[in-house]
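The values are calculated or read from the model by the stated rules, or taken from the named source; none is laboratory data. Keep in mind it's a predicted model, so treat the numbers as computed, not measured. Using ideal geometry, Cβ is built from the backbone for each residue, glycine included, and neighbour counts are taken over all protein chains shown. Each accessible area value is taken on the protein alone, full model and side chains, heavy atoms only, with ligands, DNA and RNA left out. Shrake-Rupley method; radii C 1.70, N 1.55, O 1.52, S 1.80 Å.
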Amino acid sequence: MLEFEDDAYVLQARAHGESGAIVELLTEHHGKWAAHVAGGGSRRLKPVLQAGSRVTVRYRARVSDQLGSASLEPTGEGPASLFDNPLALAGIAAAAAVAAGALPEREPHPGAFLAFEALSRAFDVPEIWPAVFVRFEAGLLQELGFGLDLSKCAATGAVDD
């Protein structure tokens with residue numbers, strides 16, 4: 001039996017069955033995990049399953065290789081605080097999609113979680129979040145072993161322009 005409780009961000013959710021949802025989560029200590037959330041289509045849980053929502057997840061699976069089930073408890077406002085800023089909403093959706101597509105499942109990446117957390121906080125400051133977003137993507141690549149050397153041009157070796 002595999003069980004854990006962790007802080008997480010919702011990366012994406014899709015309907016499953018009549019009232020459930022399959023949710024991908026970026027957890028602080030366990031990495032990216034997918035789980036079935038019973039009642040994920042309900043009015044109570046639908047706002048919690050938006051990309052970028054901060055939650056506490058209780059994950060449980062009978063066997064470690066199977067898709068487990070999870071219960072989610074919201075912590076904080078999540079993307080609701082960004083409703084007046086459509087560009088920031090698009091940014092958090094893009095960051096969640098990048099993390100969902102790039103991170104391997106069930107591998108701990110605490111640096112990726114902390115970077116996503118910092119980026120989520122930066123969306124409240126419109127002047128700086130685009131630069132933080134670029135740093136988030138570069139840091140995610142570095143976390144995955146594809147670090148970029150931006151100190152000089154890769155083609156010419158020039159350091160100016």
Ignoring ligands, DNA and RNA, how do THR27, THR156, THR56 rank by accessible area with a 1.4 Å probe, largest first? THR156, THR56, THR27
Please calculate the 1.4 Å probe accessible area of LEU150, with all protein chains present, and give it to the nearest 10 Å². 140
ASP161, ASP7, ASP65, reordered so the largest accessible area comes first (probe 1.4 Å): ASP161, ASP65, ASP7
Whole Å is fine, so just give me how far the alpha carbon centre of the range 55-128 lies from that of the range 140-161. 27
In percent, how large is the relative contact order of the chain, given Cα pairs closer than 8 Å and 6 or more residues apart? 21
Heavy atoms of the protein only, probe of 1.4 Å, neighbouring chains included. What is the accessible area of LEU67 in Å², nearest 10? 90
Carbon-plus-sulfur fraction of the accessible area of the chain, 1.4 Å probe, in percent? 54
Which of the GluC sites (Glu not before Pro) across the range 1-80 are loop residues per DSSP, with 14 or fewer other Cβ within 10 Å? GLU18, GLU77
Å² of accessible area per residue within the range 40-101, as computed with a 1.4 Å probe and no ligands counted: 55
Would any residue of the range 1-26 have its amide N under 13 Å from a label point 7 Å out along Cα→Cβ of THR56? List them or say none. 5-8
